[in-house]
1. Which residue is surrounded by the fewest Cβ atoms within 10 Å (Cβ to Cβ), if the candidates are limited to the range 59-80 and must be within 17 Å of Q150 (Cα to Cα) and of a type in the set (A, V, I, L, M)?
2. Do we have A15 as touching a Leu at 6+ places or on another chain (Cβ under 8 Å) and modelled with pLDDT of 95 or more here?
3. Given the options T188, T158, name the one that is of a type outside the set (G, A, S) and modelled with pLDDT under 55.
4. Does E4 fit the bill of being assigned to a helix (DSSP H, G or I) and touching a His at 6+ places or on another chain (Cβ under 7 Å)?
5. Quick check: anything in the range 3-25 surrounded by fewer than 19 Cβ atoms within 10 Å (Cβ to Cβ), under 18 Å from W120 (Cβ atoms) and among the hydrophobic types (A, V, I, L, M, F, W, C)?
6. Within the range 126-150, take every residue that is surrounded by 13 or more Cβ atoms within 10 Å (Cβ to Cβ) and over 30 Å from M1 (Cβ atoms) and give me the one that is farthest from the chain's Cα centre (by Cα).
7. When only residues in the range 1-47 that are β-branched (V, I, T) and in contact (Cβ under 8 Å) with a residue 12 or more places away in the chain count, which is nearest to A58 (Cα to Cα)?
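The values are calculated or read from the model by the stated rules, or taken from the named source; none is laboratory data. These figures come from a predicted structure and were not determined experimentally. In this analysis, Cβ positions are derived from the backbone assuming ideal geometry, glycine residues included, and neighbour counts consider all displayed protein chains.
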Amino acid sequence: MPLEATFHDLSRQLARLLEAFRDARLTVVEDAPLRDTVALVDRLGDAIEDVVGWAQEAFAASNEAEHAVAQPLDSHRARQALTTCQERFNRLTSVFSSDLVSYERIVDLQRLAQRPGGEWRLWVSAVRQVLERVRPPIQDVSQALFLCWQALAERLGTASVSIQNTTIGQQISTTEATTGEMTAGGAT
């Protein structure tokens, strides 16, 4: 796949991921039952807000990288933007794994679902479903990032210039007349 197409695919995959996280935010934050406010809802809401922000930053960086690989290639700008994209993606996947879908968080959600009344059970079910729908786009972005790094490395590897200097040193020869003049002039 051409370099430009690879980077375009990354932006497309990040747009899908951002949309999935926005859907998750809507369910986690906006659809939470209003009575009996629970600290877990606030923790999940804070985590999902962070993740959405990092997904937006990753998406913006992917667009920057996509523009940088267009002709003419600006490899420095492309590497910087792709690095930023990778960093934001790493942050969001870390928070997703540790604060949204970790074993502890799932146990907390199951406890909340056992509260009297059906609204918490319905909300917990919706939250779990929407968070599970985020997993495939995360995997797709991970693969797209790998392909971008691979394509960029291949392009830079084929465009490199190698210079090899085979000169080991210089040899300077002088004649006796020149040496004699230097000694006569006071140089030794």
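1. My answer is A70.
2. No: the conditions fail for A15.
3. T188
4. The answer is no for E4.
5. no
6. Looking at residues that are surrounded by 13 or more Cβ atoms within 10 Å (Cβ to Cβ) and over 30 Å from M1 (Cβ atoms), I get A126.
7. Checking each candidate, the answer is T6.
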